[in-house]
1. Would you check if ARG95 is within 23 Å of ALA191 (Cα to Cα), modelled with pLDDT of 75 or more, of a type outside the set (Asp, Glu) and in contact with a strand residue (DSSP E or B) (Cβ under 6 Å, 6 or more places away or on another chain)?
2. Of the numbered conditions (1) assigned to a helix (DSSP H, G or I); (2) open to solvent by 50 Å² or more (accessible area, probe 1.4 Å); (3) in contact (Cβ under 8 Å) with a residue 40 or more places away in the chain, PHE76 fails exactly one; give the number of that condition.
3. Restricting attention to the stretch 211-255, and to residues there that are surrounded by fewer than 21 Cβ atoms within 10 Å (Cβ to Cβ) and of a type in the set (Ser, Thr, Tyr), which single residue is modelled with the lowest pLDDT?
4. Name the single residue, out of those in the stretch 369-411 being modelled with pLDDT of 90 or more and of a type in the set (Ser, Thr, Tyr), that is farthest from LEU297 (Cα to Cα).
5. Might you let me know whether the stretch 340-353 holds any residue that is in contact (Cβ under 8 Å) with a residue 60 or more places away in the chain, within 30 Å of TYR55 (Cα to Cα) and in contact with a Cys (Cβ under 8 Å, 6 or more places away or on another chain)?
6. Could you please find all residues in the stretch 168-210 being assigned to a loop (DSSP other than H, G, I, E, B) and open to solvent by less than 60 Å² (accessible area, probe 1.4 Å)?
7. Look through the stretch 330-378, keep the residues that are among the small types (Gly, Ala, Ser), open to solvent by less than 50 Å² (accessible area, probe 1.4 Å) and over 29 Å from the mean Cα position of the chain (by Cα), and return whichever of them is nearest to ARG36 (Cα to Cα).
Amino acid sequence: MEKNFVNFHILISHSPSCLNRDDMNMQKSAVFGGKRRVRISSQSLKRTMRKCDYYAKNIGEASIRSRDLKLLKNEFLNKLNGEFEEAIIQEAIERFVKAGSQDDSEDQNLDTTDDTTVKKLAVAPWIKEEFRILCKIVKDTRDGGLSEDEFQKANQKFEKQKGKNKKDIDHFTSHAFGKKIENKIKEKSLALKEAIASALDVALSGRMATSGLMTTIDGALAVAHAITTHAVDADIDWFTAVDDLQELGSGHLDTQEFSSGVFYRYASLNLKQLQGNLGGAERKKSLEAAAYVLHMLATEVPSAKQQSFAAHNLADLAMVAFSDIPVSLANAFEEPVKASRNGGFLKPSISTFHTYWNQVHAGYGLDERCGEFILGSYDVPKEIQKQSKLIDLEEWVKADGKNEAGGGSNE
């Protein structure tokens, strides 16, 4: 039976590092189970994945996230390779941000040089192919001009104005062009939907549109904040930048908080949502995306302070569960893990994770298909199919969690 949700559970031990900082330049943290844990935000993890080489190779070109319309215009001028004049790209951006057919009393022009306007905009993903279609619509509409009837209607509204704050004729013709563009967008709705569906990046992460012509998309991938399985007391590093041209002293002195720990990463992928976002794609395509997500959750690490700490650590455990519901196992670590007798948090974290999985799996009678890749010699619950390599687990995911994929066992 097909399962709609893919749950990803990752345990990864990071050597001393400071992978995610707050506005005070301190490590991000959270209190869980009454104890401080070091935290890596979901935003940090998602951006790390979105900007990595593996993502570009397998997921495809990432959408452009920006609220700076001046920079966005220059980016599209470059990406569209001179297909459209600057004025067309400028107008398409403005209409994407602010809907064209608004009340006549409102100003239709969005000043992209006004920083106060830019600050009001949310950072939303811009899809190149979707934007190309909109530019083509704007260009064709401008090239065709207004019909005599459309111009007469605009002129009538211009002549009917009363009061001191009269607008010039350009305001009303711009409004007419806006309505004409929106009508053409409705005619091209299928092409626009196909362009949106081609962006696996947005299908996974989603897009929230607050105004204009941009379409809101519910993301199929939910990513939790990663937290340490145990309580953490941070260390402070006093560091200097030595001045090579001075005999004594340093050119800079500062401090940096850092720590080490075993982190639990959790994410859930809604396969049906992803299929819908991809324009009704086959389940196979969603399963391929799930395998890519697994690979990145197990291998990608935020880049913050890596030149100073080089905490380029890979996952020690990666478990995938095909389920009817999203299920986080973070509560396995609500009571902070204690270090083993010989020291170290990894082994007790793995043991605690497996114990809690057994409790949840049996207690709720979950009907799941589970596979796991783990480094080292550990006992794995018999209901979980053990894979000897990460790539085997990825192939198992692509095969919908069927036992014949990957050649694993639970021995």
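The values are calculated or read from the model by the stated rules, or taken from the named source; none is laboratory data. Bear in mind the structure is a predicted one, so any value in this text is a computation, not a measurement. Neighbour counts run over all protein chains shown; Cβ positions are idealised from the backbone, glycine included. Heavy atoms of the whole protein, side chains included, go into the accessibility calculation; ligands, DNA and RNA do not. Shrake-Rupley method; radii C 1.70, N 1.55, O 1.52, S 1.80 Å.
1. Against the criterion (within 23 Å of ALA191 (Cα to Cα), modelled with pLDDT of 75 or more, of a type outside the set (Asp, Glu) and in contact with a strand residue (DSSP E or B) (Cβ under 6 Å, 6 or more places away or on another chain)), ARG95 does not qualify.
2. In the conditions (1) assigned to a helix (DSSP H, G or I); (2) open to solvent by 50 Å² or more (accessible area, probe 1.4 Å); (3) in contact (Cβ under 8 Å) with a residue 40 or more places away in the chain, PHE76 misses (2) alone.
3. SER211
4. Among them, the one singled out is TYR378.
5. No, there is no match, as no residue in the stretch 340-353 is in contact (Cβ under 8 Å) with a residue 60 or more places away in the chain, within 30 Å of TYR55 (Cα to Cα) and in contact with a Cys (Cβ under 8 Å, 6 or more places away or on another chain).
6. ALA199, GLY206, ALA209, listed by residue number.
7. GLY344
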